[in-house]
Amino acid sequence: MSFAKVRHTLFTVHMWIGLILGVLLAALGLSGSLLVYDEAIADLLSPPPRAATIGQPLPLTMLANTAREAAVAQGIDGGQMQVIVPQKARDAVVVRFGGISPMGNMPAAGGERRSQSQGGQSRRPEAGAPRASGLQVYLDPVSGEVLGSRKSVLPPILTFAHQLHGNFLMSRETGRPFVGWLGVAMCLLGLSGLVLWWPKRGQWQYAFKVRRSATGLRFNRELHAATGIWIFLIFMAVSFSGVVISWPQTTGLNPPGSNPRALPTVEPADGKRLGPTEAVIAAATAVPGIVPRSVMIPAQPDRPISVNYLSNDAINATVLIDPYRGKVLLVRDDSERFLAWMRPVHDGSLGTIWRFLVFLSGLVPTLFVVTGIIMWWKKRQRHVPMTAMTDDVTAEEVAA
C-alpha cells in the first residue's frame, strides 16, 4: 500500500472519529483545563477561611478533636475523618467528615472502603447511590479556633467538572473505562494528525504557521494543523497518561496483583486509638523527614490509619499505621516506577510551566472540533467529497 493510500485512510479515520466523538472530547478537555487550576478557581469563587494567629501550631490530634466536636454539634457523629495539613502560611487546618471529597459526598452504604483516600487520591462516588452527610471544618492551626465549615469541598461547578472528567457523570465501573476509551481516541487523533500534518517537499516553511493569505477552508485547515503540531507532545503526554490512569491494572500503573484500594486489616485492641499526631510520629520512623499532607482516620476499627505525603515532591505516597500499636504496616511509594508519574503528568503538578501547558492541551480539542466541523461543512456546501483532503481540493474551493 502506498503512502498516499495510507494517508487517505488515516484522513478518513481521523475525520470520522473527530466528527462522532468531537463534542465528548471537547467536554473532556475543557473540564480537564478547569481542574488544572481547581484550587485557585475555588479560592476565587468561594474563598476559604484563613488562619490569622501566628505561633507554634497545636498538635493535630487536639485540632482533630476540636473539629469532631464541631461536627457533632452539626449532627455528624462518628465516621471517618481526614485531616488536611496546611502547606502554606495562613492556610487553615481542614478536617473532613463523612467521605466528603472534590468528587462530592461518598455513598453512605459501604462508604468506608470506597471513600478511603490512598496516596492523596480521592475515591469516586457511585452514580445513584445514597449520599453520606459530609462536612468540612476549618480550624486555625495555632489557636485551635473553628473558623467555619462547609458541606462541600469545592463550588458546584468544580465538583461537576471532577465528576465529568473522572467518569463522565456515570458510575466509576462504567464511566472510568468510557473516559479511558475517549483517551484512546485522543491518542489516535494525535498520531493520525501527525501523519496528515507531515508536509510535502518544499512545504516545511508553511507547516508551523497560518499564512496571512489563508482564507476559508485553507485557513481552518492551517489553524487546525499548526495548533496540533505545536501542542502535539503535550497533547499526547496528557492523553496517554489519562489512558493509563483509567486502566491502572491493564496498563501497569498498579503492579501485577496489587490493589491500591485494598487495605490491610488490623486486630482491634482495648484502649484508645492513635490520633493524627501519633500517626505522623509513627510514620516518621519509616519515612524520616516526612512532610504529611493528610491523615485519614477510618471509621472501621479494623482499618489502619493512612498518613499521606508527596514522594519526590510529585508522587502521592502513603504510610499505613496500626491505630492501636503504632506499628508501620506498609509504605506505598511507587515513585521509582515510570508509570507512577502519569498522575502528575496528567494533572499538571510538575511545575508552573507544565501546569500551563496541560491547561492549554485541554483547550485545543475544542479548537480542533470547531475547525474540523467548519472544514466538513464547507466541503458539504461545495459538494466536495468528505474524504477529500484539503491538499486535493482546488484553489477556488479552498478559498471558499
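Bear in mind these aren't lab numbers, they're just calculated from the coordinates by the rules spelled out. Keep in mind the model is a prediction, meaning the values are calculated, not measured. Here Cβ is always computed from backbone atoms with ideal geometry, including for glycine, and neighbour counts include all displayed protein chains.
For the reader, a short list of remarks on this structure follows.
- Burial order of peptide ranges 146-153, 1-8, 204-211 (average beta-carbon count within 10 Å, highest first): 146-153, 204-211, 1-8
- Full extension of the chain between Glu145 and Arg211 gives 17.6 nm of extra length, using 0.36 nm per residue less the Cα-Cα distance.
- HN-Hα J in Hz across the range 175-184 - Karplus 6.51, -1.76, 1.60, θ = phi - 60°, x for Gly and Pro: x, 5, x, 4, 5, x, 5, 5, x, 4
- Each residue of the range 304-314 is assigned a 3J(HN,Hα), and the resulting list reads x, 7, 10, 10, 9, 8, 9, 8, 6, 6, 8 Hz, derived from the Karplus form 6.51 cos²θ - 1.76 cosθ + 1.60 (θ = phi - 60°), x at Gly and Pro.
- Positive-end extreme of charge dipole, the chain - chosen from Trp247, Leu147, Asn316 (charges on Cβ): Trp247
- Translational diffusion coefficient (Stokes-Einstein; Kirkwood radius from C-alpha pairs) of the range 18-97 at 25 °C, 0.890 mPa s, in µm²/s: 155
- The H on the amide N of Ser171, modeled in the peptide plane, is under 5 Å from the matching H of Ala127, each at least 5 residues off or on a different chain.
- Pairwise label distance in nanometres, Trp230 with Arg90, each label 7 Å out on the Cα-Cβ vector: 3.6
- Three principal axis extents describe the C-alpha atoms of the range 261-356; from largest down they are 51, 25, 21 Å.
- Ranked by how many other beta carbons lie within 10 Å on average, peptides 347-355, 88-96 from highest: 88-96, 347-355
- Placing R0 at 60 angstrom, the Cβ-Cβ distance between Glu173 and Val291 gives a FRET efficiency of 0.95 after rounding to 0.05.
- Ordering of 47-54, 293-300, 193-200 by packing is 293-300, 193-200, 47-54, highest average first (other Cβ atoms within 10 Å, averaged per residue).
- Whole-number percent relative contact order across the chain, with pairs defined as alpha carbons under 8 Å at least 6 apart: 21
- Residues of the range 1-28 with an amide N closer than 20 Å to a point placed 7 Å from the Cα of Arg201 along the Cα-to-Cβ direction: 2-8.
- Unit charges on C-beta of K, R, D, E only; dipole of the range 325-370, Debye: 260
- With a threshold of 24 Å on the Cα-Cα distance, the over-threshold entries among Lys5/Lys200; Lys88/Lys272; Lys5/Lys209; Lys151/Lys327; Lys151/Lys272 are Lys88/Lys272; Lys5/Lys209; Lys151/Lys327; Lys151/Lys272.
- Taking only the C-alpha atoms of the range 182-258, Rg followed by Dmax gives 16.8, 58 Å.
- Computed magnitude of the charge dipole of the range 216-321 (debye, nearest 20; Cβ of K, R +1, Cβ of D, E -1): 360
- ³J(HN,Hα) computed for each position of the range 288-293 - Karplus, 6.51 cos²θ - 1.76 cosθ + 1.60, integer Hz, glycine/proline x: x, x, 4, 10, x, 9
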